[in-house]
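Bear in mind these aren't lab numbers, they're just calculated from the coordinates by the rules spelled out. All values reported here derive from a predicted model rather than from experimental measurement. Positions of Cβ are backbone-derived with ideal geometry, glycine not excepted, and every protein chain shown enters the neighbour counts.
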Amino acid sequence: MTMAEMLALGMSKNEQPIETSWDVERVRADFPVLRQTVNGKPLVYLDNAASSQVPQVVIDRGSRYLQEEHSNIHRGVHYLSQRATSAYDGAREKVRRFINARESKECIFVRGCTEGINLVMHGYGRKFVGEGDEIIISEMEHHSNIVPWQMLCEEKGARLRVIPMDDAGELLLDEYDALLNERTKLVAVMHISNSLGTINPLKEIISRAHKMGVPVLIDGAQGAPHLKVDVQDLDCDFYIMSGHKMFAPTGSGVVYGKAEWLERMNPFMGGGDMIRTVTFEKTTYAGLPNKFEAGTPAIAAQIGLGAAIDYLEGLDREEAHRYEQELLRYATEKLSAIESVRLIGTAREKASVLAFVIEGVHPHDVGTILDYEGVAIRAGHHCAQPVMQHFKVPATSRASFAFYNTKEEVDIFVRAVEQVVEVLG
Amino acid sequence: MSALTELYNEQIKEHEKKPRNFGKLETANRVAEGRNPVCGDHFTVYLQYEDDVIKDIRFEGEGCAISKASASMMTRSVKGKNKADAEQLFSEFHQMVLGELDEETTPNQLGYLKVFAGVRNFPVRVKCASLSWHTMHAALEGEETTSTEDFGPDIASSQISA
């Protein structure tokens with residue numbers, strides 16, 4: 001059946017099983033944390049959108065750094081410091097290759113997406129945004145891509161504009177067009193929604209902003225783990241990533257920025273490693289990327305991110321994506337069959353994030369009962385309270401799948417949801 | 001009985017579906033709002049507190065089954081009590097849900113509040129069970145707001161792992 005025929009029959013493309021050759025058991029074996037029981041039941045880890053798990057090769061790499069290379073970077077002439085520096089800057093080159101940045105100096109290491117967005121707020125926003133200017137975000141943003149811009153607007157007398165979404169969780173691009181104007185100084189939107197799963201049409205969003213000469217920041221926290229990212233092809237001005245959502249340790253993350261912006265921006269934090277010369281009268285700043293990396297960074301974590309990238313590049317990522325899409329399709333079909341379940345987030349293009357509410361049952365109680373069955377999900381507002389307000393729910397439950405999850409785990413999850421309905425429905 | 005059915009026992013489910021003393025209290029002279037910013041639960045507790053006695057108490061707001069049932073039973077159990085007795089009951093309740101008081105062996109005034117004993121098996125739900133109590137306490141102290149962040153970790157010292 002062709003896509004057009006499917007649509008004519010009222011079927012979404014997600015309703016057909018997707019053929020994949022993904023060897024999930026082989027991949028699962030790479031993740032030691034998955035081999036454990038919770039309350040005597042096998043752990044079913046479906047909270048990947050909050051933090052994904054770490055493969056053995058990443059653990060080993062971090063451990064090797066601590067055992068054999070640990071020392072401070074960029075300042076010691078001794079052997080260990082050189083090894084640490086080379087591993088740390090090596091990880092930066094891996095990031096560059098992974099997202100196809102032009103130069104590795106365009107990849108700034110930060111602790112995660114939140115710090116990354118704050119870096120751009122301070123470095124770009126406080127320099128280039130003034131009174132009466134406007135910043136555009138979207139209704140589905142995570143608090144980390146709302147609050148920094150609100151703080152900036154308050155400080156500068158600027159205005160925050162919001163692209164609305166529809167009830168499927170898709171951005172209304174006509175409304176976006178109406179918001180873009182000569183006062184717009186930045187568009188900041190997420191690649192994939194953590195609370196709805198929506199994959200946003202980035203190229204469209206970016207090209208429309210660029211026609212008005214407006215730079216675009218992409219919150220890639222959920223994008224980088226699920227999709228191949230090519231920052232030159234997207235032509236985004238900033239792309240921000242969190243390592244702990246892409247199979248690396250917490251404390252690792254990246255701000256990709258076009259060099260032309262990073263060079264013109266203010267530094268973020270002041271301190272060691274980000275300077276060229278310091279006197280009490282004046283300090284001059286280091287070049288990229290050091291200008292934005294004050295103080296000793298999370299060296300082991302960033303080296304771990306480099307190892308996670310090696311791991312991901314060793315996988316067939318297109319096949320991984322197809323497999324995740326099949327898990328999503330299967331889980332959506334099974335969960336929708338439960339009468340009192342309502343899905344939150346039904347966009348046409350979705351990543352493997354499945355948010356839902358059960359009539360008459362609070363998501364926290366869902367989370368507790370599922371945990372009792374060994375199933376880890378997230379319950380709450382997902383740091384996206386405006387999304388909860390849009391759907392008029394106080395909170396949702398969210399299962400988010402990675403390429404190491406299985407259909408058997410989906411079955412356990414769905415049975416546990418049925419149990420919730422029995423106990424509390 | 002599993003830990004789960006002990007937690008979600010019939011009394012708790014019944015109070016969640018039909019909370020007592022639910023709604024605004026027009027005669028209130030002390031009002032406090034309690035929030036759990038982590039999950040979004042929020043309750044307002046209204047007190048008519050005169051001559052050191054909680055003459056009347058009502059609550060409104062929304063939250064999970066545990067927090068709502070706890071708010072309902074809290075209002076029933078402190079109504080008519082003086083401040084010292086209400087605070088003593090809160091202390092016993094809090095120790096019980098933390099697993100620091102054995103309600104069967106240690107003398108206490110908990111009575112039907114013992115149905116919350118099962119919370120001790122679910123440390124992350126202690127804040128849910130105690131939110132309305134903290135809010136009642138804030139209202140007695142004349143504070144207008146309180147937040148679970150201000151309560152401290154709300155875990156028993158024995159549960160802090162190495």
(message) Could you derive backbone 3J(HN,Hα) for the stretch A:18-29 from the dihedral phi with the Karplus parameters 6.51, -1.76 and 1.60 (θ = phi - 60°), listing whole Hz in sequence and x where the residue is Gly or Pro?
(response) 9, 6, 9, 10, 5, 9, 5, 5, 5, 5, 4, 5
(request) Could you name the lysines whose alpha carbon sits less than 19 Å from that of A:K156, not counting residues in the same chain fewer than 8 places away? (result) A:K127, A:K185
(message) Is the C-alpha gyration tensor of the stretch A:362-404 telling us rounded, prolate or oblate? Criteria: a/c under 1.5 is rounded; beyond that, a/b larger than b/c is prolate, otherwise oblate.
(response) oblate
(message) Could you tell me the center-to-center distance, by alpha carbons, between the stretch B:98-154 and the stretch A:11-88 in angstrom?
(response) 39 Å
(request) With a Förster radius of 41 Å, plug the Cβ-Cβ distance of A:S51 and A:N72 into 1/(1 + (r/R0)^6) and report the FRET value to the nearest 0.05. (result) 0.90
(message) Using alpha carbons only, how many angstrom separate the centre of the stretch B:1-36 from the centre of the stretch A:346-425?
(response) 23 Å
(message) For the pair A:L160/A:K211, report the inter-label distance in nm, with labels modelled 7 Å from Cα in the Cβ direction.
(response) 2.7 nm
(message) How far apart, in nanometres, would the label points at B:K55 and A:V278 be if each is projected 7 angstrom from Cα along the Cα-to-Cβ direction?
(response) 6.5 nm
(request) Indicate the gyration tensor shape class of chain A (rounded, prolate or oblate), computed on the Cα atoms with a ≥ b ≥ c the square roots of the eigenvalues: a/c under 1.5 is rounded; otherwise a/b larger than b/c is prolate and the rest oblate. (result) oblate
(request) Give me a single rounded figure for B:3-15: the average over its residues of other chain Cβ atoms within 10 Å of their Cβ. (result) 2
(message) Placing unit charges on C-beta atoms (Lys and Arg positive, Asp and Glu negative, everything else neutral), compute the dipole magnitude of the stretch B:3-157 about its Cα centre in debye, rounded to 20.
(response) 520 debye
(message) Rounded, prolate or oblate, given the Cα gyration tensor of the stretch B:34-111, with a/c below 1.5 counting as rounded?
(response) oblate
(message) Using +1 at the C-beta of Lys and Arg and -1 at the C-beta of Asp and Glu, which of A:Q16, A:F292, A:T114 has the Cα lying farthest in the positive direction of the dipole of chain A?
(response) A:F292
(request) Sort B:75-82, A:225-232 for me by packing, meaning the mean count of neighbouring Cβ atoms within 10 Å per residue, highest on top. (result) A:225-232, B:75-82
(request) Using Cα pairs closer than 8 Å and at least 6 residues apart in sequence, work out the relative contact order for chain B, in percent. (result) 28 percent
(request) Sort out for me the Cα centre separation of the stretch A:259-282 from the stretch A:104-135, rounded to whole Å. (result) 14 Å
(message) Can you order the peptides B:108-121, A:136-149 by their average number of other Cβ atoms within 10 Å per residue, highest first?
(response) A:136-149, B:108-121
(request) Would you kindly derive the ³J(HN,Hα) couplings of the stretch B:13-30 from the backbone phi angles with the Karplus curve 6.51 cos²θ - 1.76 cosθ + 1.60 (θ = phi - 60°), listing them in order in whole Hz, with x for Gly and Pro? (result) 5, 5, 5, 5, 6, 10, x, 7, 6, 8, x, 6, 10, 5, 8, 5, 10, 9
(message) Can you work out the Karplus-derived ³J(HN,Hα) for every residue in the stretch A:66-80? Use 6.51 cos²θ - 1.76 cosθ + 1.60 with θ = phi - 60°, whole Hz, and x for glycine or proline.
(response) 5, 7, 10, 10, 4, 5, 8, 9, 6, 9, x, 8, 7, 4, 5
(message) Sort B:24-33, A:235-244 by packing, meaning the average of other beta carbons within 10 Å per residue, with the highest value first.
(response) A:235-244, B:24-33
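Could you work out the equivalent-ellipsoid semi-axes for the stretch A:267-382, taking the square root of 5 times each eigenvalue of the Cα gyration tensor, largest first, in whole Å?
Computed over the stretch A:267-382, the values are 45, 21, 14 Å.
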(message) How shielded is A:381-393 by partner chains, expressed as the average number of their Cβ atoms within 10 Å of its Cβ atoms?
(response) 1
(request) Per residue of B:64-73, count partner chain C-beta atoms within 10 Å of its C-beta, then hand back the mean as an integer. (result) 3
(message) Please give the charge dipole size of the protein assembly as shown, origin at the Cα centre, charges +1 on K and R Cβ atoms and -1 on D and E Cβ atoms. Round to the nearest 20 debye.
(response) 1000 debye
(request) Would you pull out the residues with amide H under 5 Å of B:T145's amide H, same chain only if 5 or more places away, H placed 1.01 Å from N? (result) B:E33
(request) Let me know the charge dipole size of the stretch B:53-137 about its Cα centre in debye, to the nearest 20, where only the beta-carbon of Lys, Arg (+1) and Asp, Glu (-1) is charged. (result) 280 debye
(message) Using amide H atoms built in the peptide plane, which far-off residues or other-chain residues are under 5 Å from B:A28 H to H?
(response) none
(request) Search the structure for amide H atoms under 5 Å from the amide H of A:R161, placed 1.01 Å from N in the peptide plane, and list their residues when 5 or more places away or on another chain. (result) A:I135, A:I136, A:I137
